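Throughout, read-outs are computed from the coordinates displayed, never taken from laboratory work. These numbers come from a predicted model, not from an experiment. Here the Cβ is made from the backbone with ideal geometry for all residues, glycine too, and neighbour counts use every protein chain on show.
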Amino acid sequence: GENVEQHPSTLSVQEGDSAVIKCTYSDSASNYFPWYKQELGKRPQLIIDIRSNVGEKKDQRIAVTLNKTAKHFSLHITETQPEDSAVYFCAAVGNTGRRALTFGSGTRLQVQP
Amino acid sequence: NAGVTQTPKFQVLKTGQSMTLQCAQDMNHEYMSWYRQDPGMGLRLIHYSVGAGITDQGEVPNGYNVSRSTTEDFPLRLLSAAPSQTSVYFCASIGTGIYGYTFGSGTRLTVV
């Protein structure tokens, strides 16, 4: 089955700096890669996603890049703000009828004011 | 449109007790799934369903049962609770042609 690895596990940046979180996946048939933000005690919230036919997608301060050949994708947050502090999860969905998410282990992002 | 509704929000069980975690969605989504989240780990798939009457096992199915008698409901049953099942449980759904999962607010379960 699919395996998703996520790095780093913790990331501390100064407000205004950029943050990058990287994930690799094992199943070359995976075709959808969402990123979730989870605040303490809350449900995961989808913040951006990318499909396998696209190399990059941007939404204001957040961008995701996908390298299908290398089987890795990354989340980029620019001009970080204290409210960006949370745990971020990457995930992958295989190209099967199951449509189940396989999650990375998460990155705790701390933005220092 | 309430989205995905999970009940209860919190539950404490004794070892060996059984219970059912409820999940309902009002978006007519075909796909529903249950995940558990343990500290320091991502969410892991327990069971999933691709439509009414169809269920299948995920990554960590042992100790759990599911059924899908209607499109709206997807309950998760703990047969005989064990401390290892202490976790936060999330239900999620997704519709055909849609890619972003909608998550419920979670059930925090403690087994003592």
message = I'd like the antiparallel share, as a percent to the nearest 5, of DSSP beta bridges with both residues in segment A:10-113.
response = 85 percent
request  = Please report, in cubic angstrom per residue, the volume enclosed by the convex hull of the alpha-carbon atoms of the protein assembly as shown.
outcome  = 119 Å³
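Got the relative contact order for chain B handy, in percent, Cα pairs under 8 Å and 6 or more residues apart?
Working: 299 pairs, mean separation 40.2, N = 112.
Computed value for chain B: 36 percent relative contact order.
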Where a label projected 7 Å from the Cα of residue B:54 along Cα→Cβ would reach, residues of segment B:1-42 with amide N under 19 Å = B:25, B:27-34
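Can you compute the charge dipole magnitude of segment A:62-112 about its Cα centre, using +1 on each Lys and Arg Cβ and -1 on each Asp and Glu Cβ, nothing else charged? Give it in debye, rounded to the nearest 20.
Values: 5 positive and 3 negative charges, 93 e Å.
Dipole about the Cα centre, nearest 20: 440 debye.
Given A:37/A:58; A:57/B:9; A:22/A:42; A:71/B:9; A:42/A:68; A:37/B:14, which pairs have Cα atoms separated by over 27 Å? The partial results should precede the final answer.
On the way: A:37/A:58 16 Å; A:57/B:9 35 Å; A:22/A:42 23 Å; A:71/B:9 37 Å; A:42/A:68 31 Å; A:37/B:14 32 Å.
Going by Cα-Cα distance, A:57/B:9; A:71/B:9; A:42/A:68; A:37/B:14 fall outside the 27 Å limit.
What does the charge add up to near residue A:105, with Lys and Arg as +1, Asp and Glu as -1, over the other residues with Cβ less than 13 Å from its Cβ?
On the way: positive: A:22, A:108, B:44; negative: A:5, B:38.
That sum, taken over residues with Cβ under 13 Å, equals +1.
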ask   = Given springs between every Cα pair under 10 Å in a Gaussian network model of chain A, which of A:80, A:102, A:69 has the largest fluctuation?
value = A:69
request  = Might you report the magnitude of the Cβ-based charge dipole of the protein assembly as shown about its Cα centre, with Lys and Arg at +1 and Asp and Glu at -1, to the nearest 20 debye?
outcome  = 360 debye
